[in-house]
Amino acid sequence: MPEKNHKIKIPCMAAPFVCEADRCAAGEHEIHIDRTFGCNVVILLLKGSMEIIEDGVRYALTAGDIFFLKSGVHHWGEKPFERVTVWYYAHFLCPEPEVDMRPHEPPQVTDMERVYLQTADTRQFFELPKLLKRQDYSDFEHIEQLFRRLTAAHNSGDTLQASALLLNIFSDIIGHGRKNFSNVYADRIKAYIGEHYAEEITSADIEKLCGISYKHICTVFKEHTGMTIKKYLIGERIKAACRLLEETSLTVSEIAEKVGMGDVYYFSRIFSREKGCPPMQYRKAYVPRI
């Protein structure tokens, strides 16, 4: 039987509200409850398999699958879950798009281009997939960690954080076909460093930015860029230092402070290593652009 049009659509000006979230393990002879539910549902299957029927359409879920059930649509199960089955779920509410809203079209931009969205751009909606198979997306670990954090936030009473994490999950799911997660993380980190290179950037800052472990972020970043986060940060600081040497009369100590490398001796050593000469020699050799 073909898939019916029961995909969840979320207006761009709205956010999902998490009503309930938890991690579950299948009991003996457990099947999905027969109901017409007042909330939307998202399921991440961690282990095992389960069958869910929605409006007569039968879906077979296996480990790693992400599945959505739409509010107000009858769904049930007939076949017992595999006994080892473990899953995360979240029940959530969101308004339906208004009749004049159109599907979201991301702006076509290049690196470093400023984006300005018009009021009309808010009259759009995101459509979530019905079933996203494990082989269709690249970073199961990241999605699992977001679900884990979402469940912990909800069960500690932090509804705002739980809902924000669910929106983060949706953003990654929607973007999986346009850009793989490693690109997303690398771009997110590069943009953050571009804004904060003059500050102390810690592993905790990067974990908070990406929502996954620092060790995993480092691996992903290096695979995408060919360098470590630390080397990229140093590169951005040295580029900024070069601009200040070229365009200002600041002392080397002042420049070191402005680019986040307060120890002038350390700064001079790193600058010499990266540029092949000390900062003052670089300034003397610089020919102003015309």
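Among the residues that make up the range 124-136, is at least one of them open to solvent by less than 40 Å² (accessible area, probe 1.4 Å), closer than 14 Å to residue 67 by Cα and in a helix (DSSP H, G or I)? No: the range 124-136 contains no residue that is open to solvent by less than 40 Å² (accessible area, probe 1.4 Å), closer than 14 Å to residue 67 by Cα and in a helix (DSSP H, G or I). Taking the numbered list (1) closer than 13 Å to residue 184 by Cα; (2) at pLDDT below 85; (3) part of a helix (DSSP H, G or I) in turn, residue 221 passes all entries but (2). Give the range 253-281 a look and list any residue that's of a type in the set (A, V, I, L, M) and farther than 21 Å from residue 194 by Cα, or say none. Matches in the range 253-281: 264, 280. Being under 22 Å from residue 168 (Cα atoms) and buried (at least 16 other Cβ atoms within 10 Å of the Cβ) holds for only one residue in 270, 206, and it is 206.
Condition check ((1) open to solvent by less than 40 Å² (accessible area, probe 1.4 Å); (2) outside any loop (DSSP other than H, G, I, E, B); (3) on the phi < 0 side of the Ramachandran plot) across all residues:
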position: 46; (1), (2), (3): yes, yes, yes
position: 51; (1), (2), (3): yes, yes, yes
position: 58; (1), (2), (3): no, yes, yes
position: 64; (1), (2), (3): yes, no, no
position: 67; (1), (2), (3): yes, yes, yes
position: 71; (1), (2), (3): no, no, yes
position: 75; (1), (2), (3): yes, yes, yes
position: 80; (1), (2), (3): no, no, yes
position: 83; (1), (2), (3): no, no, yes
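Beta carbons closer than 7 Å, at least 6 apart along the sequence or on distinct chains, pair a first residue in the range 127-141 that is under 21 Å from residue 54 (Cβ atoms) with a second that is of a type in the set (Asp, Glu) and open to solvent by 80 Å² or more (accessible area, probe 1.4 Å) for 130/3. Scanning the range 237-252 for residues that are farther than 18 Å from residue 193 by Cβ and open to solvent by 20 Å² or more (accessible area, probe 1.4 Å) yields 246, 247, 248, 249, 250, 251, 252. With respect to being open to solvent by 10 Å² or more (accessible area, probe 1.4 Å), touching a Gly at 6+ places or on another chain (Cβ under 7 Å) and among the acidic types (Asp, Glu), residue 28 falls outside the description. Filtered by the rule that a residue be assigned to a loop (DSSP other than H, G, I, E, B), open to solvent by less than 50 Å² (accessible area, probe 1.4 Å) and in contact with a strand residue (DSSP E or B) (Cβ under 8 Å, 6 or more places away or on another chain), the range 1-25 gives 6, 8, 12, 16. Of all residues in the range 189-207, those satisfying the criterion of being within 21 Å of residue 141 (Cα to Cα) and of a type outside the set (Asp, Glu) are 189, 203, 204, 206.
The values are calculated or read from the model by the stated rules, or taken from the named source; none is laboratory data. This is a predicted model, so every value here is computed, not measured. Cβ atoms come from the backbone with ideal geometry, glycine included; neighbour counts cover every protein chain shown. Note: accessible area is taken over every heavy atom of the protein model, side chains too, but ligands, DNA and RNA are not part of it. Shrake-Rupley method; radii C 1.70, N 1.55, O 1.52, S 1.80 Å.
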